[in-house]
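Down below is the structure, laid out as structure tokens.
The values are calculated or read from the model by the stated rules, or taken from the named source; none is laboratory data. Here the structure is a predicted model, which is why all the values come from computation and not from measurement. Note that each Cβ is placed from the backbone with ideal geometry, even for glycine, and that neighbours are counted across all protein chains shown.
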Amino acid sequence: MALIGTLSPGVGLSPMATAKPIVFVVDDDVSVRESLELLIDNEGWQPETFACAQEFLDRPRPLLPSCLLLDISLPGLNGLELQKRVAVERRDMPIIFITGYGDVPKSVQAMKAGAVEFLTKPFNDEQLLTAIRQALERSRVTLAREVEMQELRDHYASLTPRERDVMKLVVSGLLNKQVAGELGIAESTVKAHRGQVMQKMKANSVADLVKMTARLRQSAATRHSLGSV
């Protein structure tokens, strides 16, 4: 049995260290969008503003650090509902809630759902900028992990079915002779397959393979629970 039931094709992730991070703004107040756009631009980030949640969702996911400034009260899909979508579809995008209403229950709900900050209008610019910097750093870390995980999936996908069989038995602790017996092949053939596995997976030891296997299984379980496998 393969380590991963279904390997999704790569999403084309690549490091974009020189690209400006994007700060998205979803707010139905045009004056708020304009003032935030200016503030964000002055800090050297890319601002992108939207009047409603659907406009934002129609924008393809960016493959670089980003965060979302989100109003609670929006026409159509509200801020808390959009937060649920983002948590599933764009997990690398932290959310900072901004609202004109000091609604404590909604604030608690938003923070419990993973928002990094909840600010009430009018808010202090420096307080917002600090929250954005922290959110973008979190996004960078998450994206880096995602890139690393996708590379690991790609390495595994490059293995032949037989190489996967050998890898599974090797990480279970069997010696080459035992693997050969399990698969009904020569020990020399096992050694050859094992060498290919180590090379393709970019592993330096069996211990590395064990760790990689655990990460692949954990990733597959997470993706399955999110409905992406």
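When we screen L74, L39, L82 for residues that are surrounded by 15 or more Cβ atoms within 10 Å (Cβ to Cβ) and within 18 Å of the chain's Cα centre (by Cα), the only hit is L82. A residue that is in a helix (DSSP H, G or I), within 21 Å of R61 (Cα to Cα) and of a type in the set (A, V, I, L, M) can be found somewhere in region 145-156. Number of residues in region 47-68 that are in contact with a Leu (Cβ under 6 Å, 6 or more places away or on another chain) and under 18 Å from S139 (Cβ atoms) equals 3.
Annotation: L64 fulfils all but one of (1) in contact with a Lys or Arg (Cβ under 9 Å, 6 or more places away or on another chain); (2) outside any loop (DSSP other than H, G, I, E, B); (3) surrounded by 19 or more Cβ atoms within 10 Å (Cβ to Cβ); the unmet one is (2). Somewhere in region 146-159, is a residue surrounded by fewer than 17 Cβ atoms within 10 Å (Cβ to Cβ) and in contact with a His (Cβ under 8 Å, 6 or more places away or on another chain)? The answer is no, given that none of the residues of region 146-159 is surrounded by fewer than 17 Cβ atoms within 10 Å (Cβ to Cβ) and in contact with a His (Cβ under 8 Å, 6 or more places away or on another chain).
When region 170-208 is filtered for residues that are small (G, A, S), within 25 Å of D154 (Cβ to Cβ) and not in a helix (DSSP H, G or I), the ones remaining, listed by number, are S172, A203, S205. Look at region 123-142: where a residue is under 20 Å from E37 (Cα atoms) and a partner is among the polar types (S, T, N, Q), sitting 6+ places away or on another chain with Cβ atoms under 8 Å, you get L136/S66; S139/S66. If you go through region 186-199 one residue at a time, do you hit one that is closer than 20 Å to S219 by Cβ, crowded, with 18+ Cβ neighbours inside 10 Å, touching a helix residue (DSSP H, G or I) at 6+ places or on another chain (Cβ under 7 Å) and not basic (K, R)? Yes: one or more hits. Taking every residue in region 163-181 that is in the same structural domain as K211 (by TED's automatic domain parsing) and pairing it with any residue that is in a loop (DSSP other than H, G, I, E, B) and surrounded by fewer than 20 Cβ atoms within 10 Å (Cβ to Cβ), at least 6 positions away or on another chain, the pairs with Cβ-Cβ distances below 6 Å are R164/A2.
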